[in-house]
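Throughout, read-outs are computed from the coordinates displayed, never taken from laboratory work. Given the structure is predicted, the values throughout are model-derived calculations rather than measurements. Note that we place each Cβ from the backbone using ideal geometry, even for glycine, and neighbour counts take in every protein chain shown.
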Amino acid sequence: MPDHRSRLVTDLIAARQAAWESYTHHPFVQQLGAGTLPKPAFLHYLRQDYVFLIHFARAWALAVVKSDRIAEMRIAAGTVHALIDEEMKLHIATCAQEGISEPDLAATTESPANLAYTRFVMDMGLKGDLLDLLVALAPCVFGYGEIGRRLAEQTDGPPPGHPYHDWISTYAGEDYQCVCATVGTLIDDVAGRTIGDAHAASPRWSTLTETFATACRLEADFWQMGLDGS
């Protein structure tokens, strides 16, 4: 699979491969790539993901609080901007085409799967340090990047007529892949000074891998929530 652009994330995936595969190859993802995902399922997911991104932005804002280095603060603040001012445009535009306004999106009632995932990430950040928070955030950032690249390769583009062309193109695109690269550098820098380069030798490794695996499981539950909502 493509380079994750992070030594730590690559090691985390290797340590918890089953959880990662269940998330990144979930039936929702497979159907989305094949263009067979029912539109109601996609829209249900998209509405929930709009709310999710609000809390995800809050978590990245917490990364600013957890950091004591200007360069890291800039990356975290830039990620908040990318989420609020760029990524959410996809949700707003797609839903608008289906007659769902932005106020309607904002009024979406959070599903239990959404609540579980977003509050888990915030809890990891509040009770832990910057590395704990970044590891909880990593599956979303890097998983969407990997899924986008893979689906673009599988669909040869995707072609203009693909029903989920915009979604795949967004996460396979250069802008989002640059976000992954930037966050990869950040997480490796923080890991290097926090646990060293021999990740698996750190006393914190089992806790970090469990955080990563839990976030992957919650991501898979989020996809399943989309399917169940169809």
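Where Lys and Arg each count +1 and Asp and Glu each count -1, what net charge lies around Leu115 among other residues with Cβ under 13 Å from its Cβ?
With Lys, Arg at +1 and Asp, Glu at -1, the net is -2.
Determine which lysines satisfy two conditions relative to Lys39: a Cα distance under 25 Å, and not lying fewer than 8 residues away in the same chain.
Lys89
Could you please rank Cys95, Cys178, placing first whichever residue has the fewest other Cβ atoms within 10 Å of its Cβ?
Cys178, Cys95
By count of other Cβ within 10 Å, fewest leading, how are Ser6, Ser206 ordered?
Ser206, Ser6
Put +1 on the Cβ of every Lys and Arg and -1 on every Asp and Glu Cβ in the chain; which of Ala57, Met124, Pro112 then has its Cα farthest towards the positive end of the dipole?
Checked the options; the winner is Met124.
What's the local net charge at Trp20, with K and R +1, D and E -1, over the other residues with C-beta under 12 Å away?
Summing Lys and Arg as +1 and Asp and Glu as -1 gives -2.
Only four residue types carry charge here, +1 at the Cβ of Lys and Arg and -1 at the Cβ of Asp and Glu. Report the dipole size of segment 107-230 about the Cα centre in Debye, rounded to the nearest 20.
Here the size comes out at about 260 debye.
Give the cross-link partners of Lys127 among the lysines, using a straight C-alpha distance below 30 Å as the criterion and excluding same-chain residues fewer than 8 apart.
Within the straight-line cut-off, Lys127 pairs with Lys66.
Answer with one residue from Gly33, Gly161, Gly145: the one whose Cα lies farthest towards the positive end of the charge dipole of the chain, charges on Cβ with Lys, Arg +1 and Asp, Glu -1.
Positive-end residue among those listed: Gly145.
Sort Met124, Met73 so the one with the fewest other Cβ atoms within 10 Å of its own Cβ comes first.
With the sparsest Cβ surroundings first, the list reads Met73, Met124.
Taking the Cα centre of the chain as the origin, how large is its charge dipole in debye, to the nearest 20, when only Lys and Arg (+1) and Asp and Glu (-1) carry charge on their Cβ atoms?
380 debye
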